[in-house]
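K.L.:
Structure provided below as structure tokens; questions to follow.
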Amino acid sequence: MHNSNEKETAMTSTTKNASRNVAIAAISIACAATASAQIVFADNFNSGASPLWGNETGNWSAGGGVYNAQNQFAGDISSLPYVVTDIDLEVDINDVADGGVWLRCDEGGQNGVLLVTGGNGWGFGNSGGGRSLYWHIVHNGSAGPIINSVNAPFNPGVTDVHLRVTVVGDIYSVYLDGSATPMTTFTTNAFPRGRVGLYDFSQQTFDNFEMVATASCPADLDGSGEVDSGDIGLMLLDFGPCPGCPSDLDGSGEVDGGDIGLALLDFGPCP
């Protein structure tokens, strides 16, 4: 027979093992949760622009329910702070002429894919431009050649359009005015992840922006490709109540020790 002390020891050991297994399971779930996350974002600009827009260059502002750069120039950007992979976004563009959407770019738009709406020199005063859709690959602030340009039914500075833009793996596509067939696509593996932003080199404006995207490494807040001390530093800057912040990894409405714990679980190179 076992005495009471032996029973208590066995029960304590069993309890400890069960607790350990629960803890391991919790960590595994947390790792799975932070390995990828769905980002859902929408802004109709009716009450101004969301504070999540970066307004990096161009002095962007919202008024009358639309959003645009006040100081338009080639390469200006207002981006969202999420580092994402696959993207599905929709946006209305009013008075389309020269502008577009940044995809998988870095903060500031020095590197990434740029979808141009209108373009072909309209922003530089070319009256024959403003009627196309095409892509650029941008490296170190320099745009490469025009890729897969198509003529679009745009009357520059007059036409309002609705775009759907998708990025799935290495395939980039743009759909016009609800069509199920893309106007133009192209494939590149140049940028596996990055931000999404808006570009404005004319008087065109943006409205009704909606995005669903996958963040494969949500704790990589600076888009460096790994979770490191720089990301922890950014989280500490957001520490406290911060609803909607990318640093709020667990969606609790504030950045706290739980979020830093999740980041530490993913510490190192992103998958």
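K.L.:
Return the residue satisfying two criteria in turn: it lies in segment 77-107 and is closer than 20 Å to V227 by Cα and either in contact with a Leu (Cβ under 6 Å, 6 or more places away or on another chain) or in a loop (DSSP other than H, G, I, E, B) (or both), and of such residues it is least open to solvent (accessible area, probe 1.4 Å).
P.N.:
L80
K.L.:
Please state which of the following conditions L115 fails to meet, knowing it meets all the rest: (1) open to solvent by less than 10 Å² (accessible area, probe 1.4 Å); (2) more than 18 Å from the chain's Cα centre (by Cα); (3) under 16 Å from F209 (Cβ atoms); (4) not β-branched (V, I, T).
P.N.:
(2)
K.L.:
Same structure again: Confirm whether G251 is surrounded by fewer than 18 Cβ atoms within 10 Å (Cβ to Cβ) and part of a helix (DSSP H, G or I).
P.N.:
Judged against the criteria, G251 is not a match.
K.L.:
May I ask you to list the residues in segment 159-191 that are among the polar types (S, T, N, Q) and under 20 Å from C105 (Cβ atoms)?
P.N.:
Within segment 159-191, T166, S173, T184, T185, T187, T188, N189 qualify.
K.L.:
Okay, moving on. Looking at segment 41-54, which of its residues are in a loop (DSSP other than H, G, I, E, B), under 14 Å from the mean Cα position of the chain (by Cα) and crowded, with 17+ Cβ neighbours inside 10 Å?
P.N.:
W53, G54
K.L.:
Considering C245, C217, which residue is assigned to a loop (DSSP other than H, G, I, E, B) and open to solvent by less than 20 Å² (accessible area, probe 1.4 Å)?
P.N.:
Of C245, C217, the one residue that is assigned to a loop (DSSP other than H, G, I, E, B) and open to solvent by less than 20 Å² (accessible area, probe 1.4 Å) is C217.
The values are calculated or read from the model by the stated rules, or taken from the named source; none is laboratory data. Model, not experiment: these values are computed from the prediction. Methodologically, a virtual Cβ is constructed for each residue, glycine included, from the backbone with ideal geometry; neighbour enumeration extends over all protein chains shown. Accessible surface areas use protein heavy atoms only, side chains included; no ligands, DNA or RNA. Shrake-Rupley method; radii C 1.70, N 1.55, O 1.52, S 1.80 Å.
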